[in-house]
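First comes the structure, then the notes that go with it.
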Amino acid sequence: MNIYELKEIFSGCKFDLPKFCNFINSDDEKYSNHNFLEWEKNSKFFMNYGLCNYFVVDKNNILLINYAAEAFGLESMAKVHEEVSSIVVENNIKEKLKIFIISSNLCTEFDDDKYEKEIISKCNSENVEIKHFDLDFYLVLMLWRMDDDRINRHFPSVTKLSNEEIHKDRLYKFFSLNAGKVYHREGLYNFLKDNKLLDRSLVSAHWEEKYLDCKRNDRSDYFNFNKEIYDDTEIDFLKNYKLWDGTLNWQQIHEHPIATFLPKYYYKNCYFQIITESRFKKRNTIFLTEKVYKSLCSTPFILYAQPGSLKKLHQYEFKTFGHIIDESYDEIMDANERLDFLNGEVLRIFSKDLDELKEMYLSCIPILEHNYNVMLSLKWQDMIKDLTLEMKNYLD
């Protein structure tokens, strides 16, 4: 199969693969030697064009469909499987392609058997085999980038603060960065406003046109490089850091290291963070993104996310802040109840004065230091091996 044939064959897909997805195969001279199953020989390629892209074909005609950067749930996987299968059968290319549909954010810990039956039922086909592997896309991406010393120097961590900076009195109780308007972010913001908790805080809400470290909620000229927030070394880093292939990271939002970057100003001047993840309501996925992973080591946090999210972090041996925060919210399955509980914790904690919050913050320093050491000890290569091993076993 060559790239032009594939584009033509899949041009009728409802999810418009040729327009939105990358087609890479052996007919592209630049990538002629790429092989997913030998990813260790060129891990940079795999991270950029395998794990991080949606639709890729390698030299052995392995078709990898991966919607890594967004939550790829049961119904979406079933629809993709059904449509791709139909196209493959109609075009008589079953023997030419080996297809893997990857989701790196599904959590099946609540009921594995029910999950497998449900997805097979949704696919309406016997031609489905479920394989489990441990791969968290954003954690892998974070760890991969941290291998670069230039990025690691700017990775947000309490270990980057001096003892004086750690113990100084902070200006703000908490910060919270909120871009797109979704149920739980709007619910939190309205709650903060109604309870007069926006004082002594740094909160962005792009749907309210309230911005902090960026100009507006779009992808053009994203950073404002406000020197009240960014120091000179951070500005230089964001403007001049280059990817391994020489492209400027900051020119496009999906290329720059925002997934590993948080201005030091926030965690040097705030005691806590309220993290609002991308997903909140769905129960059968755990979709943790850069919002969590770039915050694990910098400030204690309250997490507005899907149930089981803290439990997932604990499985990676990260620690959270149950000694000062009632983290039973992680077990509340109903989204409305969980939101109310979280808002209640926010009110309880941030009704305290700055001296009390400082004492709570200082009690969390060992946890933040521990989390940074865990980040350094985790190997993203091991997670990729889990995926490629399943692929190899299937092909063998």
Exercise for the section: Give the residue that is modelled with the highest pLDDT, with candidates limited to residues of the range 133-174 that are over 26 Å from Phe350 (Cβ atoms), touching a Ser or Thr at 6+ places or on another chain (Cβ under 7 Å) and not in a helix (DSSP H, G or I). Expected result: Phe155
Handout entry: Residue check for Asn393: over 25 Å from Phe272 (Cβ atoms) and either of a type in the set (A, V, I, L, M) or assigned to a helix (DSSP H, G or I) (or both)
Key = yes
Handout entry: Considering residues of the range 83-104 that are of a type outside the set (Ser, Thr, Tyr), part of a helix (DSSP H, G or I) and touching a residue at least 12 places away in the same chain (Cβ under 8 Å) only, the residue nearest to Trp380 (Cα to Cα)
Key = Val84
Practice task
Please go through the range 293-316 and pick out each residue that is in contact with a strand residue (DSSP E or B) (Cβ under 7 Å, 6 or more places away or on another chain) and either at pLDDT 95 or above or over 24 Å from Met146 (Cβ atoms) (or both).
Solution key: Thr299, Pro300, Phe301, Ile302, Leu303, Tyr304, Gln306, Leu310
Fill in the blank from the handout: If you go through Tyr304, Tyr316, Tyr372, Tyr361, the only one that is touching a Gly at 6+ places or on another chain (Cβ under 9 Å), assigned by TED's automatic domain parsing to the domain that holds Asn163 and of a type outside the set (Lys, Arg) is Tyr304
Fill in the blank from the handout: Among the residues of the range 175-206, the number that are part of a helix (DSSP H, G or I) and either over 25 Å from the mean Cα position of the chain (by Cα) or not hydroxyl-bearing (Ser, Thr, Tyr) (or both) is 11
Completion exercise
Of (1) at pLDDT 95 or above; (2) more than 21 Å from Pro156 (Cβ to Cβ); (3) β-branched (Val, Ile, Thr), Val374 satisfies every one except (2)
Practice task
Please work out if Leu248 is modelled with pLDDT of 70 or more, in the same structural domain as Ser298 (by TED's automatic domain parsing) and touching a Lys or Arg at 6+ places or on another chain (Cβ under 9 Å).
Solution key: no
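The values are calculated or read from the model by the stated rules, or taken from the named source; none is laboratory data. Fair warning: this is a prediction, and the values are worked out from it, not measured in the lab. Quick reminder, even Gly has a Cβ in these numbers, built from the backbone with ideal geometry, and neighbours come from all protein chains shown.
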